[in-house]
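Each reported figure results from applying straightforward, stated rules to the coordinates on display, with no laboratory input. In this text, all values refer to a predicted model and were calculated from it rather than measured experimentally. Cβ placement follows ideal geometry from the backbone for every residue including glycine, while neighbour counts extend to all protein chains displayed.
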Amino acid sequence: MRIATAPCNWNNGDIPDFRPYTAPGPMMDEMVEAGYTATEWGPGMPDDPAVVRAEMSRRGLQMVGAFVRLGYRDRERWDEADAAALAVAERVRAAGGSILVAAELGDERRDAEAGHVDESRGLTDEQWRNLADGLAHLADLLEPMGMRVVLHNHVGTYVETAAETRRFLDETDPAKVGWCLDVGHLKYGGGDALDFLPTYGDRVAHVHLKDVDPEVLRRAQAERWSFGDALRGIIFPELGDGLVDIAGVVRWLRQRGYDGWIVLEQDTTHKHPKDAARINREYVEKLLV
C-alpha cells in the first residue's frame with residue numbers, strides 16, 4: 001500500500017469559501033512537511049502540468065491522479081463528459097499520474113439530500129445502463145494513454161447509498177472500471193466498507209480513507225443538511241475519531257494483498273490542514289507496522 005494526500009485537505013472545491021485557499025507552493029511544502037511523498041491533483045494546483053510536475057519533483061512529490069465529476073448518466077451528455085474527462089486525464093498524465101477518479105455528476109437536489117436521499121428518485125434503469133456503458137467507453141479512451149478510470153462512491157451524487165454503490169459495482173465491467181472505495185462517503189451514505197469488501201473487494205483499485213463524526217452525521221440527517229452544510233460542520237474528523245473501522249478496512253486490504261494507493265483526505269478541519277494531514281498519516285502508518 002502506498003499513502004498519498006490530496007489538495008482538498010487544504011483547498012476544498014465544494015465549499016471554496018470555507019477558508020482562504022493555500023497557494024500551490026506553500027501547499028506542496030506543507031504536504032512534504034506533513035510527511036507525504038505523493039498527492040492527487042486538486043484545487044489550488046497550477047493549470048500547467050509541466051509546472052506541477054516540476055514543482056512536485058523539486059519537493060520529491062509524486063502525482064497519483066485527479067478527481068472529476070462526469071455526466072454519463074444521460075447519453076446526450078457523453079460528448080461533454082468525454083471532453084471533461086480527457087482534459088483532466090491529459091493534465092494528470094503529463095504531471096506523472098495514471099488514475100482518473102470519476103464521480104457521477106450529481107445535481108443540486110442530490111447535494112441537498114446528502115446522507116438522507118430519497119432512493120425512489122434515483123437513476124432510471126436507462127440511466128444506469130448509460131452510466132455503466134459510458135464508464136466502459138471512457139476506459140477505452142483512457143487505455144491508450146496508460147490511464148485507468150475508477151468510480152468514486154460519493155455523497156451528493158447518484159452513486160451514494162449502499163444500494164446505489166452495489167448497483168454500480170454490479171452493472172459495470174470489472175475489466176474496465178475500477179472502484180475508488182471511499183470509506184467515509186460510504187458510511188455517510190448509509191453503507192459500510194466491511195460489508196462490501198467480502199463480495200466486492202476485488203473491485204477496489206483506489207482507496208480514499210475518511211472517518212465520519214457520529215454526532216455531525218446525526219445532526220446532518222435530523223436537520224436535513226446539504227453536503228456543504230456537513231462539510232462546514234466537519235463531518236469528516238481525523239482518522240480514528242469517528243464511526244468508520246479504519247483499522248479493519250486497512251487490515252482487510254493488507255490481508256488480500258492490495259498494493260494500490262490509499263489517499264488520506266479530510267475535506268475540512270478546524271485544525272491547520274498540515275497538522276490534520278500529519279495526524280492522519282501517522283495514524284495509518286501505525287496500522288501498517
Helix runs (DSSP H) in the chain reaching 18 Å along axis by Cα, Kyte-Doolittle at least -0.5: 78-94, 125-142
Label point distance in nm, residue 194-residue 79, each placed 7 Å from Cα along Cα→Cβ: 5.0
Spin-label model distance (nm) - residue 223 vs residue 58, 7 Å beyond Cα toward Cβ: 4.4
Lys pairs under 24 Å by Cα in the chain, provided they are eight or more residues apart or on distinct chains: 8
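Using 0.36 nm per residue, how much length does the chain from residue 255 to residue 118 gain when fully extended, once their Cα-Cα distance is taken away?
My answer for the length gained is 45.7 nm.
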GNM result for the chain, Cα springs below 10 Å: residue of 219, 167, 58 fluctuating most strongly: 58
Magnitude of the charge dipole, the chain, Cβ model with Lys/Arg +1 and Asp/Glu -1, debye to 20: 820
3J(HN,Hα) from dihedral phi, region 68-73, Karplus parametrisation 6.51/-1.76/1.60, rounded to Hz, x for glycine, proline: 8, 8, 9, x, 6, 5
Projected-area mean, region 55-124, by convex hull of Cα positions, square nanometres: 6.4
Furthest towards positive pole of dipole, 157, 1, 49, structure part the chain, Cβ charges: 1
Distance histogram for the chain (every C-alpha pair counted, 5 angstrom bins, percent rounded to whole numbers): 1, 6, 13, 17, 20, 19, 15, 8, 2, 0, 0
Theoretical ellipticity at 222 nm over the chain - DSSP helices of four or more residues, -39500 (n - 2.57) apiece, nearest 500: -12500 deg cm²/dmol
Nonlocal amide H pairs with residue 38, under 5 Å, H built at 1.01 Å: 5, 62
Peptide ranges 180-187, 131-138, 222-229, 33-40 listed from the most packed, as the mean C-beta count within 10 angstrom indicates: 180-187, 131-138, 33-40, 222-229
The chain: relative contact order as a whole-number percent, Cα under 8 Å and 6+ apart: 21
For peptides 104-113, 263-272, 18-27, sequence by mean Cβ density within 10 Å, most packed first: 263-272, 104-113, 18-27
Separation in nanometres of the label points that stand 7 Å from Cα toward Cβ, at residue 18 and residue 241: 1.3
Percentage relative contact order, region 149-217, counting C-alpha pairs under 8 Å, at least six apart: 36
Region 20-150: radius of gyration over Cα atoms, expressed as a fraction of 2.2 N^0.38 Å: 1.21
